[in-house]
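Working notes, beginning with the structure itself.
The values are calculated or read from the model by the stated rules, or taken from the named source; none is laboratory data. All values reported here derive from a predicted model rather than from experimental measurement. We place every Cβ from the backbone using ideal geometry, glycine too, and count neighbours over all the protein chains shown.
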Amino acid sequence: MSVDVRTAVEAVSPLPDADWRAMADRLRVRSVARGAFLLREGDTCDYLGVLVAGALRTYTVTPDGRERTGWLTTPGMVTTEVLSFYERVPTVEFVQAVADAEVWALTHADLDALCLARPAVERWARRVAEHILTDLKGHLLSQLHDPAPQRYDRLVRLRPAFVAQIPLKHVASFLGITPSTLSRVRAERAQALT
């Protein structure tokens, strides 16, 4: 699945044609092959963009060597590593393509320049930050309060593409459950439908 770049950008907040053209002139495409990295631990994130094709996962590696998926991104979603991009510090996360991916992105400097010159782009950037914050907070609260079946149901309701496009071992990690628990929950949901 892929989405139109302008449609994905304006899903967050519409832009007048002149502002869209100014942004489009600075957007750079980044193609990332399946298994390759858009960002590695220790790098400073210098992109904020939209995923138009493929799928990404953001993860950390625990001290004992386990990978923990913190976020998943499918076409039409904004992508960045929030702390690194906004604070301008090295990241502790990896962003990896789980399917061949195409990201159209602005650099931090380009976003700043556009925001200073164009109020509609500044409004768009604020809406992006709000969207990221509310998505992360919703996910955090679900992790803290919901049992596994409700976490899965919430994910299917809010982000069905995650389940359809992301390998289930990464979906399980994102939900904070084991792959076997995810299999059991999915089997229970399938049985309830029959």
- Among the residues of region 153-189, write down those that are outside any helix (DSSP H, G or I) and over 16 Å from Met77 (Cβ atoms). Pro167, Gly176, Ile177, Thr178
- Note on Ala105: of the conditions (1) closer than 24 Å to Arg6 by Cβ; (2) touching a Pro at 6+ places or on another chain (Cβ under 8 Å); (3) of a type in the set (Gly, Ala, Ser), unmet is (2)
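Condition check ((1) modelled with pLDDT under 95; (2) touching a helix residue (DSSP H, G or I) at 6+ places or on another chain (Cβ under 8 Å); (3) under 24 Å from Pro14 (Cβ atoms)) across all residues:
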{"residue": "Asp46", "(1), (2), (3)": "no, yes, no"}
{"residue": "Tyr59", "(1), (2), (3)": "no, yes, no"}
{"residue": "Thr73", "(1), (2), (3)": "yes, no, yes"}
{"residue": "Arg127", "(1), (2), (3)": "no, no, yes"}
{"residue": "His131", "(1), (2), (3)": "yes, no, yes"}
- Message: I'd like the full set of residues that are touching an Asp or Glu at 6+ places or on another chain (Cβ under 9 Å) and among the aliphatic types (A, V, I, L, M), limited to region 56-76.
- Response: Val61
- Message: Tally up the residues in region 101-119 that are within 14 Å of the chain's Cα centre (by Cα) and either closer than 13 Å to Arg26 by Cα or crowded, with 21+ Cβ neighbours inside 10 Å (or both), please.
- Response: 4
- Qualifying position, being in a strand (DSSP E or B), in contact (Cβ under 8 Å) with a residue 40 or more places away in the chain, aliphatic (A, V, I, L, M) and within 15 Å of Leu27 (Cβ to Cβ), among Val98, Val50: Val50
- Residue among Gly76, Gly42 that alone is closer than 24 Å to Val163 by Cα, out of contact with any Gly (no Cβ under 9 Å at 6 or more places or on another chain), not acidic (Asp, Glu) and not in a helix (DSSP H, G or I): Gly76
- Consider only pairs whose beta carbons are under 8 Å apart and that are at least six residues apart or on different chains; among these, list those whose first residue lies in region 14-36 and is modelled with pLDDT of 95 or more and whose second residue is surrounded by fewer than 15 Cβ atoms within 10 Å (Cβ to Cβ) and in a strand (DSSP E or B). Ser31/Asp100; Val32/Asp100; Ala33/Asp100; Arg34/Asp100
- Search result, residues across region 53-73 that are among the basic types (Lys, Arg) and assigned to a strand (DSSP E or B): Arg57, Arg68
